[in-house]
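Working notes, beginning with the structure itself.
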Amino acid sequence: MKPTATLVPLGTITAQLGDQIELGSGPKGSRLISDVVSVELDGDRVKASLATNDAADWLTISDSGTLGCLDVRFTLITDDGAYIYVEYSGRAEMETGLIATAPTFQTGHDKYLWLNRVQAAAAGVIDENGKLIYSLYEVQVSLP
């Protein structure tokens, strides 16, 4: 038997990037560090916003400048006071602004423990003002 995967809508993430630091080219490519100044997660099962100022995007850009490798981390607080740590990596098409990521979640709050088991996938786009919009999906794996 071969397992299959289904994408189940989980919500929308909207984020705003802030100040950036360009580190220049290193052994893995050019590094760009961006503050994430706001995040909103809006879904049927969870609604949350940025909890602390710990959010950042550590982007590594290929030598050709066309591919970005994301390393993003932030902490959310839900509308009912639960903390959720989010981290994801992914790929960004620098010429189009299209992004594919694979978020995971960590929480100790009883109501949201289900998130600890979720492997998510997100399809995103960034505009010229540093606003990111992601369609967030839960990857559900099953056997036929």
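The values are calculated or read from the model by the stated rules, or taken from the named source; none is laboratory data. The model shown is predicted, which means the values in this text are computed figures rather than measured ones. Here the Cβ positions follow ideal geometry from the backbone for every residue, glycine too, while neighbour counts run over all protein chains shown. Just so you know, the surface numbers come from the protein's heavy atoms only, side chains and all, with ligands and any DNA or RNA stripped out. Shrake-Rupley method; radii C 1.70, N 1.55, O 1.52, S 1.80 Å.
Quick one: Phe105 ticks every box in (1) in contact (Cβ under 8 Å) with a residue 60 or more places away in the chain; (2) in contact with a helix residue (DSSP H, G or I) (Cβ under 9 Å, 6 or more places away or on another chain) bar one, so which box is it?
With respect to (1) in contact (Cβ under 8 Å) with a residue 60 or more places away in the chain; (2) in contact with a helix residue (DSSP H, G or I) (Cβ under 9 Å, 6 or more places away or on another chain), Phe105 is out only on (1).
If the Cβ limit is 6 Å and pairs must be 6+ apart or interchain, which residue in region 39-62 that is under 30 Å from Gly24 (Cα atoms) pairs with which residue that is part of a loop (DSSP other than H, G, I, E, B) and not aromatic (Phe, Trp, Tyr)?
Listed by first residue and then by second, the contacts come to Thr60/Lys28.
Does any residue in region 24-38 that is within 20 Å of Leu76 (Cα to Cα) come within less than 6 Å, Cβ to Cβ, of a residue that is open to solvent by less than 40 Å² (accessible area, probe 1.4 Å) and not in a strand (DSSP E or B) six or more places away or on a different chain, and which pairs are these?
Going by the 6 Å Cβ cut-off, the qualifying pairs are Val36/Ala55.
Name the residue, out of Tyr88, Tyr112, that is under 30 Å from Pro144 (Cα atoms), more than 15 Å from the chain's Cα centre (by Cα) and open to solvent by less than 60 Å² (accessible area, probe 1.4 Å).
Of the residues listed, the single one that is under 30 Å from Pro144 (Cα atoms), more than 15 Å from the chain's Cα centre (by Cα) and open to solvent by less than 60 Å² (accessible area, probe 1.4 Å) is Tyr112.
Give region 127-143 a look and list any residue that's surrounded by 14 or more Cβ atoms within 10 Å (Cβ to Cβ) and of a type in the set (A, V, I, L, M, F, W, C), or say none.
Leu132, Ile133, Leu136, Val139
Filter region 108-127 down to the residues that are free of Cβ contacts under 8 Å to residues at least 40 places away in the same chain and within 18 Å of Leu70 (Cβ to Cβ) and list them by number.
Gln119, Ala123, Val125, Asp127 - these are the residues of region 108-127 that are free of Cβ contacts under 8 Å to residues at least 40 places away in the same chain and within 18 Å of Leu70 (Cβ to Cβ).
Mind listing whichever residues of region 60-82 are within 16 Å of the chain's Cα centre (by Cα) and open to solvent by 70 Å² or more (accessible area, probe 1.4 Å)?
The answer is Arg73, and nothing else.
Looking at region 7-59, which of its residues are open to solvent by less than 70 Å² (accessible area, probe 1.4 Å), β-branched (Val, Ile, Thr) and either part of a strand (DSSP E or B) or under 16 Å from Gly124 (Cβ atoms) (or both)?
Val8, Thr12, Ile13, Thr14, Ile33, Val36, Val39
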